[in-house]
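Asker: The structure follows.
The values are calculated or read from the model by the stated rules, or taken from the named source; none is laboratory data. These numbers were taken from a predicted model, which means no experiment stands behind them. All Cβ positions, even for glycine, are placed from backbone atoms using ideal geometry, and neighbour counts span all protein chains on display.
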Amino acid sequence: MPIPPVLPVTRTVLPRIVASLARFLGVTTPALRARLHQRRERMRRRIAAALRERPGARLDEFTADLLTACAAAALDAAEREWLRRDAAADRRELIDRAFALLAPAP
């Protein structure tokens, strides 16, 4: 009996397993949640600093922090939606949608 191909199953099932595991660990493991929060906070500070240091940016600390927080919130919301859909949604589309919703009105 031939062995069935694994790759098609892996592409559809593995992301769902990872999403379920991430959801479980995120909810049930306070130490992991705290570590993730610390890493994200460090990343946000570095990004805000990089925004302020761009030539011609002229951003004060508050504005750079606000822009960074908005971008992080959009990414977090897209990730949560991806997890809610058991990794069945296209992450890029969710991220694009999140940033489009943050775009200024014309």
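This table checks each residue for (1) modelled with pLDDT under 90; (2) assigned to a helix (DSSP H, G or I).
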site	(1), (2)
Arg33	yes, yes
Arg39	yes, yes
Arg58	no, no
Ala73	no, yes
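Asker: Would it be correct to say that Thr68 is surrounded by 12 or more Cβ atoms within 10 Å (Cβ to Cβ), within 15 Å of the chain's Cα centre (by Cα) and of a type in the set (S, T, N, Q)?
Answerer: Spelling it out, Thr68 is indeed surrounded by 12 or more Cβ atoms within 10 Å (Cβ to Cβ), within 15 Å of the chain's Cα centre (by Cα) and of a type in the set (S, T, N, Q).
Asker: Going by what's in this entry, would Ala50 be described as farther than 25 Å from Arg33 by Cα, exposed (fewer than 14 other Cβ atoms within 10 Å of the Cβ), touching a helix residue (DSSP H, G or I) at 6+ places or on another chain (Cβ under 8 Å) and small (Gly, Ala, Ser)?
Answerer: Spelling it out, it is not the case that Ala50 is farther than 25 Å from Arg33 by Cα, exposed (fewer than 14 other Cβ atoms within 10 Å of the Cβ), touching a helix residue (DSSP H, G or I) at 6+ places or on another chain (Cβ under 8 Å) and small (Gly, Ala, Ser).
Asker: Leu21 passes all but one of (1) surrounded by 13 or more Cβ atoms within 10 Å (Cβ to Cβ); (2) modelled with pLDDT under 85; which number fails?
Answerer: For Leu21, the failing item is (1).
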